[in-house]
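The values are calculated or read from the model by the stated rules, or taken from the named source; none is laboratory data. Keep in mind that this is a model prediction, so the values were computed, not measured. Ideal geometry is used to build each Cβ from the backbone, glycine not excepted, and the neighbour counts take in all protein chains shown.
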Amino acid sequence: MANRHASAIKRARQNARRNERNTTLRSALRTAVKKVLVAVELADVTAARDELPQAVRALGKATTKGIVHKNYAARKISRLTHKVNALVATQA
């Protein structure tokens, strides 16, 4: 626990709340990205197309909330989109 200063105790409370929130959001982000990757691995075009917008939205939200860096999110979105588009091209 923090030292006895009231500000340090409050800071510890805030950090605990933020850590819990950030962990939840980061987990949801990873799950959304993984769903797209699994759909691409299984060559499931419809699932990949359905999951991609949700992953992009999760990445955008995580960026806005400071969970991930904006360049990381942009890179992930680009790579996921490229994989889904390549899958669609091979199926067409």
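Here's a check for you: in segment 48-76, which residue that is touching a residue at least 12 places away in the same chain (Cβ under 8 Å) and more than 17 Å from Ser27 (Cα to Cα) is surrounded by the most Cβ atoms within 10 Å (Cβ to Cβ)?
The residue in question is Ala48.
In the list Val33, Val45, which residue meets the criterion of being within 20 Å of Thr90 (Cα to Cα), of a type outside the set (Lys, Arg) and in contact (Cβ under 8 Å) with a residue 24 or more places away in the chain?
Val45 is the lone residue from the list that is within 20 Å of Thr90 (Cα to Cα), of a type outside the set (Lys, Arg) and in contact (Cβ under 8 Å) with a residue 24 or more places away in the chain.
Of the numbered conditions (1) more than 11 Å from the chain's Cα centre (by Cα); (2) surrounded by 13 or more Cβ atoms within 10 Å (Cβ to Cβ), Arg13 satisfies every one except a single condition; which is it?
(2)
Is there any pair linking a residue in segment 7-29 that is closer than 22 Å to Ala62 by Cα to one that is part of a helix (DSSP H, G or I) and of a type outside the set (Gly, Ala, Ser), with Cβ under 7 Å and at least six apart or on different chains, and which?
Pairs found: Leu29/Leu59.
Any idea which residue in segment 38-92 is modelled with the lowest pLDDT, counting only those that are more than 16 Å from the chain's Cα centre (by Cα) and outside any helix (DSSP H, G or I)?
Result: Ala92.
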